[in-house]
1. Quick one: which residue in PHE329, PHE325 is surrounded by fewer than 17 Cβ atoms within 10 Å (Cβ to Cβ), at pLDDT 90 or above and either in contact with a helix residue (DSSP H, G or I) (Cβ under 8 Å, 6 or more places away or on another chain) or outside any helix (DSSP H, G or I) (or both)?
2. Report, ordered by the first and then the second residue, all pairs with beta carbons closer than 9 Å, sequence separation of six or more or different chains, a first member in segment 381-396 that is under 14 Å from VAL309 (Cβ atoms), and a second member that is of a type in the set (Lys, Arg).
3. Look at PHE328 and say whether it is under 16 Å from the mean Cα position of the chain (by Cα), aromatic (Phe, Trp, Tyr) and more than 11 Å from the ligand (Cβ to nearest atom).
4. Out of segment 268-291, which residues are surrounded by fewer than 22 Cβ atoms within 10 Å (Cβ to Cβ) and more than 16 Å from the ligand (Cβ to nearest atom)?
5. Tell me, yes or no, whether segment 292-303 has at least one residue that is more than 15 Å from the ligand (Cβ to nearest atom), more than 22 Å from GLY251 (Cα to Cα) and touching a residue at least 60 places away in the same chain (Cβ under 8 Å).
6. Can you tell me which residues in segment 194-218 are crowded, with 19+ Cβ neighbours inside 10 Å and more than 20 Å from the chain's Cα centre (by Cα)?
7. Pairs please, first residue from segment 427-452 and farther than 17 Å from HIS307 by Cα and in contact (Cβ under 8 Å) with a residue 60 or more places away in the chain, second anywhere and assigned to a loop (DSSP other than H, G, I, E, B) and among the hydrophobic types (A, V, I, L, M, F, W, C), Cβ atoms under 6 Å, 6+ apart in sequence or on different chains.
8. Cβ-Cβ distance below 7 Å, separation of 6 or more or different chains: which pairs start in segment 87-100 with a residue that is touching a residue at least 12 places away in the same chain (Cβ under 8 Å) and end on one that is among the β-branched types (Val, Ile, Thr)?
Amino acid sequence: MLPRSLTAAFARALLPATFTLGLALVPVLARAQTPESVRSDSPSAAASDSGLAAAVAPGATPEQRVAEVRANFTPENRSYSSKRQLLGFLDPLYGIALGLLILFTGLSARMRDVAHRAGSRRYPRVLVYIVLYTLVAFVLGFPLAWYEGFALEHQFGLSNQGFGAWIGDELKGAAVGIFFFGVIPLVALAYGAIRKSPRRWWLWLGVGTVPVIVIASLIQPLVIDPLFNKFTPLRDQQLKQEILDLAGRAGIPGRNVYEVDKSAQTKKYNAYVNGFGASQRIVLWDTTLKGMTDDEILFVMGHEMGHYVLGHVWQGIIVFSLLGFVVFFGSWVLMNWAVKRFGGRWGFTELHDVASMPLLTITLSLASLVVQPAANSFSRHIEHDSDIFGLEVTRLNDAGARAFIKLGSQNKSDPEPSALVEFFQYTHPPLIERVRFATEYHPWTEGKPSKLFHGRVAAAQP
Ligand SMILES: [Zn+2]
């Protein structure tokens, strides 16, 4: 919503520093809230919970694991993932179409007129405009948001969330967007730059984005995430000790490992690393804790520890900051062209007129779409490095393969997407490649050196 369109555009540039285990879900201004977390220690209970079509027994051969990936990609899972892939292309186009509608109907100019009654200074005008724009975008964007975030998830039995809780999260997301872009005057500052420096504002916005990304990455786990979910230390004491031992070997302070009650929203599995410096943390979804066995969870943690130890959050901040310059430059070119061509019809002739905000959103979306494949390629590269690290630190090859099979099956994701879909949408290597790699990568059995983890490995590991 605005937060969809504006945040999707900004968030893609602003808050990228979250690395997950599986396919990137919603980017940042995420979603969620409360209840209970449970965990089963019994592998059989876990297997039946994970909804696998084909069993995942311990100790299968690499070929059997690859066959299992395909067997678990059932017609139902295929149907879900193809809808998701289509939505991956449609969603940004829908946002762009809405922006054009708001411009060509003159609605943007009218919202600007209302905003100008708030005073002569830029800050109140931008704030009022953002509130109005958020409301309009929320209403117009609702049908697709509802289908994508609620109806589709329920149709495929992936949601644990009632309509009230879902819409509550959406409204919270919109409020967070208004707060961070409007109340904190980020957009007002951007408009100040657009007014003062018509030829170079893209450069200033690119520069200004760097500290915003850094601060946003720092506060996200402390301020934004807890608005949607409850974060607690791991409750399973035995597993917690095994994870702390693993973290100790990887050089990560154990206090930075959390579980989150994502079962409040979804049945899907995931885990992630976000924050940085003092706020950096590894978070396991309680659904993952419930559905995976201990050795699978340890491999998942090994992967997440890779992100942490290999400095992926910092690298992400640098790479996405650089891409931010490209995105703002593209936006600058497109906006200058569009306002000359259509500004008269839209009711504004200057880019520093707040009525241009839908145009800013559209052009940021378009430019983001162009750089998305580069961002995805970078992301797939570091995800593969984290897989290497996870295998090296745990040496749990088969558990890694099983974890990926469960992840793909439970989340109904396509293990072998087309090259086009991988190029535009996949932030992680396709699961079939990850399963194959997990089963085949064990240089330590051949006396070869590890690539990324050079510390001590637990004696008990096979
Ligand atoms: Zn990852």
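1. Just one listed residue meets the conditions, PHE329.
2. Matching pairs, first to second residue: ASP385/LYS451; ASP387/ARG434; ILE388/LYS451; PHE389/LYS451; GLU392/LYS451; VAL393/ARG249.
3. Working: under 16 Å from the mean Cα position of the chain (by Cα): no; aromatic (Phe, Trp, Tyr): yes; more than 11 Å from the ligand (Cβ to nearest atom): yes.
Considered against the rule, which asks whether it is under 16 Å from the mean Cα position of the chain (by Cα), aromatic (Phe, Trp, Tyr) and more than 11 Å from the ligand (Cβ to nearest atom), PHE328 comes out as no.
4. GLY277, ALA278, SER279, LYS290
5. Yes, segment 292-303 has at least one match.
6. The answer is ILE194, TRP201, TRP202, LEU205, GLY206.
7. none
8. Pairs found: ILE96/ILE362; GLY99/THR361; GLY99/ILE362; LEU100/ILE362.
The values are calculated or read from the model by the stated rules, or taken from the named source; none is laboratory data. In this text the structure is predicted, and so the values were computed from the model without any measurement. Cβ sites come from the backbone with ideal geometry, for glycine too, and all protein chains shown count toward neighbours.
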